[in-house]
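Peer 1: Pasting a structure below so you can have a look.
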Amino acid sequence: MATAPVTTPGTGPAAPTGRSQTGRTATATTARGQRRRRALTGWAFAAPFTVLFGLFLAIPVVASLVMSLTDLRSTDLRTPLSVDFVGLANYVRLFSDDLFLRAALNTGVFVLVGVPLTMVLGLAAASALNSGLIRLRGLFRVGFYLPVVTSIVAIAVVWRLVLDPEAGLVNALLRLVGVDGPNWLGDSGLALPSITVMAAWRNFGFLMVVFLAGLQTIPADLYEAARLDGASRWDQFRYVTLPLLRPTLLFGAVVTGIGYLQLFEEPFVMTRGGPLSSTLSVSYHIYNQFGFGNYGYAAAASYVLFVSIVALSVLQFRLLRSRD
Amino acid sequence: MTTLQTPLRGRDRIARAVLYAVLVAGLLAVVGPFLWMLLSSLKPEPEIRQVPATWLPETFTLANYRELFDRLDFPRFFANSALVAILVTAGNLFFCSLLGYALAKLRFPGRRALFLLVLGTLMVPGMVTFVPQFVLVSNMGLVNTYAGLVLPFLAGPFGVFLMRQYLLSIPDDLIEAARVDGAGEFRIFWRVVLPLCRPALATLGILTFLSTWNNFLWPLVVATTEERYTLPVALALYSVGQGRIDFGLLLAGAVVVVLPALVVFLVLQRHFLRGIATTGLK
C-alpha cells in the first residue's frame, strides 16, 4: 500500500494543487502535531465500531475459552466468586457424554452428506444457467434463491407439512405410484437424511449464485479452443470448467461445510432433535446445555465446534491445493 | 454471458430440451412448497389435513389470518421484527462504513492490527460467542429488552470488510480536494464519501436486513416474554403447542414471516445477487 508521508514535501497528496509550499516550511513540531491529529481522526472514526465489536464479539471469543475452563453455571451469575477453574474437566466430560458423541456423529453425517449434495445441486444449477442454451435465466436464478432468503422457521412449517405421513405432498406423490410413504420425520432412521435433504434444498441457491459468478470469469475462448480440439460438453466441463472453478468451489465447500457444522435451526424447528436424538446436532447440544444452565460446559462444546470448523477449513484448503 | 450466435444443431436442441426439463422440475421442487404454503394457508383446517392433499383451496377462507390477530399478538411480533431489523441494519451501515473509511482512507497507528482483528473474527461461528454474549447481556440487565436484541449485532466484521474493499476503489484525490476546500473529516465522510458508496451500502443493507429478519437463535434466547418475541420466535414457539398442531395458523404465520423478506429480495434481487456473487469471489 502506497503511503504519502506528510514530512516529504512535494510528494504529499496536496502537491498537485500547488499549495505544498506550506508543507515545505513546516517544522518538525507541526509535522508531529499533524501526525497526532491524523491518529486522533483515525481513531475517532474507528472507535464506535471498535467499542461495540470489542464488547460484543472480540471479548466474548476469548471469554468463551476462559469460561470453558470453569464450572460456571447460570446460577453463578449473581455470585461470580463461587466459580472455580476446573481445567480441562469440561472437555473430558464432553468426550464421555453419550449425547455429545451422538450429536457429533449426527453433525458429521450432516457435513459429509450435506456438503456434496448441496455442492452438486448448486454446480448443476449454475452450469445449466450458464450454458447459453437457456432463456429466462433470471427467473430460474431468483426462484432457486428464494429458500435462502426465507426464514427457516417458515420453511420448517411448510416442510413438516410436506413430509407429513398422511397429509404430506411427498407421500401423496408416492401414493400415486402405489407406494405407502413412511413417516419421514418420525422415524429415527429417516429423520436425519430428511433434514439433510431439506438443508441442501434450502442452501444450494447460494452456491448457485457464487458458482455462476465463478463460471462467468472463465474466458469463452478456452471453451472455443477445447471445442476445436474436439472436446465434448462433458470433456469441456471436466478439463476446463472444473479446474478453473477450483478457487470458487473451494470457497463454496468451506462456507457450506461451516454452515452444516453449525446446523441448529433445521433440527430445532423440524424435530426438536428427535426422534431418539437422531437429529441432535452439536449446536443443538450446546443450546440444550446452555438452557440447563451449564455455561462452562456449553462453552467447552462451542470451542470444540470452533476448532473443528478451523480444522475443516484447513483440511479443505490442503485437499484442494494438493490436487494441482 | 455468452449468447447464441449460430442456429442450434440437433444435439444442442436435445441438450436444451433436457436442460429445460431439469430446470423446470427443479424450479417446481423449490417454489412448489412456497406456493403450497400460500394456497394451504387459505384453506380451512380440515382441508389442510385432507388425504389426498390438494393444491387449490376448495373452500377459500381468511380465517387462519384472522386467527393470527385474534389468538396471537401478531402485529406486535411483526413490529418487533421490523424494529430490530431496521435498527441493526442502520447500525451496521453507519458503524461499518465509519471503520471501513478509516481503514481504507485514513492513516493511524494500529490500523493494520485492527483490520486483522476484524478479519480474524469473520470466521468465528455464532455458537462460539453465544454463551458469553448472553452472560454479558444478562449482566447488563438487558435480557428481554430491545437493546439486548439489537446491541450484539450493531457492528459486524463482514460489513467492515465489504465497506473497506469498496472504499479502496474511491479515488483519494476526491477526498483530498474536499480537505483542501477546508471540509472537516466527518463532513467529507458524510457528504462526499458516503453518497459514492451507495452500491456497497445497498448490498450491506439488504444482506443485514434479511439476515436479521430471519435471525432465530439470539431472539429465541433473549426474548423471554411475548412482548419481545420476533416473528420467527413466535412462530417456532407456537408450532410446538400441546397436542395437535394447528397447521392453518402456522401456515398463515409462515406467510407473514416470509412475505416481507421476499418482497425486499424480489425488488432488490439484482443488487443482492450481484453482491453475493462478488463477496463470494473474494
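Peer 1: For residue B:169 and residue B:237, calculate 0.36 nm times their separation in residues minus their Cα-Cα distance, and state this gained length in nm to one decimal.
Peer 2: Additional length available on full extension: 19.9 nm.
Peer 1: Would you please give the FRET efficiency between residue A:93 and residue A:314, computed as 1/(1 + (r/R0)^6) with r the Cβ-Cβ distance and R0 = 35 Å, to the nearest 0.05?
Peer 2: 0.85
Peer 1: Given H placed on each backbone N at 1.01 Å, which residues far from residue A:70 in sequence or on other chains put an amide H within less than 5 Å of it?
Peer 2: Placed amide hydrogens put A:86 under 5 Å from residue A:70.
Peer 1: Please report how far the C-alpha centroid of segment B:6-84 lies from that of segment A:216-230, rounded to the nearest whole angstrom.
Peer 2: Cα centroid of segment B:6-84 versus Cα centroid of segment A:216-230: 40 Å apart.
Peer 1: Shifting gears a bit: Evaluate the distance, in nm, between pseudo-label points positioned 7 Å from the Cα of residue B:12 and of residue A:228 along their respective Cα→Cβ axes.
Peer 2: Those two pseudo-labels are separated by 1.8 nm.
Peer 1: Viscosity 0.890 mPa s, temperature 25 °C: Stokes-Einstein D of segment B:151-282 from its Kirkwood Cα radius, in µm² per second?
Peer 2: 137
Peer 1: What list of ³J(HN,Hα) couplings, whole Hz, do you get for segment B:164-173 from phi and the Karplus terms 6.51, -1.76, 1.60, once you set θ to phi - 60° and write x for glycine and proline?
Peer 2: Once rounded to whole Hz, the list reads 4, 4, 5, 5, 4, 7, 8, x, 5, 3.
Peer 1: Write down the Å³ per residue value for the convex hull defined by the alpha carbon atoms of segment A:132-182.
Peer 2: It is 117 Å³ per residue.
Peer 1: Over chain B, with a Gaussian network built from C-alpha contacts below 10 Å, which listed residue (B:19, B:235, B:98) shows the highest mean-square fluctuation?
Peer 2: Residue with maximal mean-square fluctuation among B:19, B:235, B:98: B:19.
Peer 1: Now a separate question. Could you calculate the FRET efficiency of residue B:90 with residue A:174 from 1/(1 + (r/R0)^6), where r is the beta carbon distance between them and R0 is 56 Å, rounded to 0.05?
Peer 2: 0.70
Peer 1: Sticking with this structure for a sec: Provide the per-residue ³J(HN,Hα) series for segment A:263-280, in order, calculated from phi with Karplus coefficients 6.51, -1.76, 1.60 and θ = phi - 60°, each as a whole number of Hz, with x at glycine and proline positions.
Peer 2: With coefficients 6.51, -1.76 and 1.60, one gets 3, 9, 5, 4, x, 4, 7, 8, 9, 6, x, x, x, 6, 6, 6, 10, 5 Hz.
Peer 1: How many Å³ per residue does the convex hull of the Cα positions in chain B occupy?
Peer 2: 211
Peer 1: What is the ratio of the Cα radius of gyration of segment A:162-316 to 2.2 N^0.38 Å, where N is its residue count, to two decimals? Could the numbers behind the result be given before it?
Peer 2: Details: Rg = 21.1 Å, N = 155, 2.2 N^0.38 = 15.0 Å.
My calculation over the Cα atoms of segment A:162-316 gives 1.41.
Peer 1: Rounded to the nearest 100 Å², what is the buried accessible area between B and A, both sides summed, probe 1.4 Å?
Peer 2: 8900
Peer 1: Suppose only helical runs count, i.e. DSSP H with n ≥ 4. What mean residue ellipticity at 222 nm does that imply for the protein assembly as shown under -39500 (n - 2.57) per run, divided by all residues and rounded to the nearest 500 deg cm²/dmol? Show your work: numbers first, answer last.
Peer 2: Details: 28 runs with 398 residues, N = 606.
So the calculated ellipticity at 222 nm is -21500 deg cm²/dmol.
Peer 1: List, in order, the whole-Hz ³J(HN,Hα) value for each residue of segment A:193-205 obtained from phi through the Karplus relation with A = 6.51, B = -1.76, C = 1.60 and θ = phi - 60°; use x for Gly and Pro.
Peer 2: x, 4, 5, 4, 4, 4, 5, 5, 4, 6, 9, 5, x
Peer 1: Would you mind computing, in nm to one decimal, how far apart the modelled labels at residue B:70 and residue B:139 are, each placed 7 Å from Cα along Cα→Cβ?
Peer 2: Here the answer is 4.9 nm between the modelled labels.
Peer 1: Can you give me the distance in nm between label points at residue B:186 and residue A:32, each placed 7 Å from the Cα along the Cα-to-Cβ direction?
Peer 2: 2.9
Peer 1: Can you give the direction-averaged projected area of the convex hull of the alpha-carbon atoms in segment A:85-131, in nm²?
Peer 2: Value for segment A:85-131: 4.8 nm².
Peer 1: Can you compute the FRET efficiency between residue B:58 and residue B:146 using 1/(1 + (r/R0)^6), with r the Cβ-Cβ distance and R0 = 60 Å? Round to the nearest 0.05.
Peer 2: Step by step, r from the Cβ atoms, then E = 0.85.
Peer 1: Semi-axes, largest first, in whole Å: what does sqrt of 5 times each Cα gyration tensor eigenvalue give for the protein assembly as shown?
Peer 2: 43, 34, 24
Peer 1: In square nanometres, what is one fourth of the surface area of the convex hull spanned by the alpha carbons of segment B:12-87? Could you put the intermediate results ahead of the total?
Peer 2: Numbers: hull surface 34.9 nm².
So the mean shadow area of the Cα hull is 8.7 nm².
Peer 1: D for chain A, whole µm²/s, Stokes-Einstein with Kirkwood Rh over alpha-carbon pairs at 25 °C and 0.890 mPa s: what number?
Peer 2: D = 100 µm²/s.
The values are calculated or read from the model by the stated rules, or taken from the named source; none is laboratory data. A quick note: this is a predicted structure, and the numbers were derived from the prediction, not measured. When we count neighbours, we look across all protein chains shown, and the Cβ atoms used for this are built from the backbone with ideal geometry, even at glycine. Note: areas computed on protein heavy atoms with side chains; ligands, DNA, RNA excluded. Shrake-Rupley method; radii C 1.70, N 1.55, O 1.52, S 1.80 Å.
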